[in-house]
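K.L.:
Sharing a structure, written as structure tokens. Questions coming.
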Amino acid sequence: MTFAASTVLAEVHSTAAYDNVYDLPGVPTLDLACSNGVAGLSSALGLDRISQVPHYPLVGAVEKVEGWGSLSCGKCFCVTNQQSGQSINIIAVDQADTGLALSLAALDQLTGGQGQVLGRVDVRYEEIGWWECGL
């Protein structure tokens, strides 16, 4: 008999906004909190530019990333717009003081193209398997 390990991760209620820096494909990963270190985009995954992150531009800063060297770097999160129910999967590439700061392209997907107009939306998010973000 084989047992598979599973972890139930708590869903977090928060907000998501956008930061245009994550829409710039040439941003070096070494400029982000998730640059190098054990779970770093550059050191662990060999990614030099933000555009090399799988499923780019579905990336952003997440409050669970405590700073440089965080084990939450590179994790995959399912983010759901609490009003519409629309969900996207994003990869944590940076630290957010509160909530999430996504690329505008990602917030647009989450809001039906209304990211810039709305600016910030209520969301819930949870960590999901890395394979769901193409890692």
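K.L.:
Consider only pairs whose beta carbons are under 9 Å apart and that are at least six residues apart or on different chains; among these, list those whose first residue lies in region 121-135 and is closer than 16 Å to A61 by Cα and whose second residue is among the hydroxyl-bearing types (S, T, Y) and in a helix (DSSP H, G or I).
P.N.:
V121/T111
One line per residue, one yes/no per condition, for (1) closer than 20 Å to L110 by Cα; (2) of a type outside the set (V, I, T):
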{"site": "Y22", "(1), (2)": "yes, yes"}
{"site": "G26", "(1), (2)": "no, yes"}
{"site": "V59", "(1), (2)": "yes, no"}
{"site": "E63", "(1), (2)": "yes, yes"}
{"site": "L71", "(1), (2)": "no, yes"}
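K.L.:
When only residues in region 78-94 that are within 18 Å of D23 (Cβ to Cβ) and not hydrophobic (A, V, I, L, M, F, W, C) count, which is least open to solvent (accessible area, probe 1.4 Å)?
P.N.:
Once the filter is applied, the top-ranked residue is D94.
K.L.:
Right, another one. Given (1) assigned to a loop (DSSP other than H, G, I, E, B); (2) open to solvent by less than 30 Å² (accessible area, probe 1.4 Å); (3) of a type in the set (G, A, S), identify the lone condition not met by G113.
P.N.:
Against the list (1) assigned to a loop (DSSP other than H, G, I, E, B); (2) open to solvent by less than 30 Å² (accessible area, probe 1.4 Å); (3) of a type in the set (G, A, S), G113 comes up short only on (2).
K.L.:
Being part of a strand (DSSP E or B) and among the aliphatic types (A, V, I, L, M) is the filter; apply it to region 120-135 and report the residue that is surrounded by the most Cβ atoms within 10 Å (Cβ to Cβ).
P.N.:
Looking at the filtered set, the residue picked out is V123.
K.L.:
In region 46-60, how many are surrounded by fewer than 18 Cβ atoms within 10 Å (Cβ to Cβ) and either in contact (Cβ under 8 Å) with a residue 12 or more places away in the chain or not in a loop (DSSP other than H, G, I, E, B) (or both)?
P.N.:
Residues flagged as surrounded by fewer than 18 Cβ atoms within 10 Å (Cβ to Cβ) and either in contact (Cβ under 8 Å) with a residue 12 or more places away in the chain or not in a loop (DSSP other than H, G, I, E, B) (or both) within region 46-60 amount to 6.
K.L.:
Could you please give the count of residues in region 22-45 that are surrounded by fewer than 16 Cβ atoms within 10 Å (Cβ to Cβ) and among the hydrophobic types (A, V, I, L, M, F, W, C)?
P.N.:
Count: 4.
K.L.:
Return yes or no: is T15 modelled with pLDDT under 95 and under 27 Å from R124 (Cβ atoms)?
P.N.:
Answer is no for this residue.
The values are calculated or read from the model by the stated rules, or taken from the named source; none is laboratory data. Quantities reported herein were computed from a predicted structural model and do not represent experimental measurements. Using ideal geometry, Cβ is built from the backbone for each residue, glycine included, and neighbour counts are taken over all protein chains shown. The accessibility values were calculated without ligands, DNA or RNA, using every heavy atom of the protein model including side chains. Shrake-Rupley method; radii C 1.70, N 1.55, O 1.52, S 1.80 Å.
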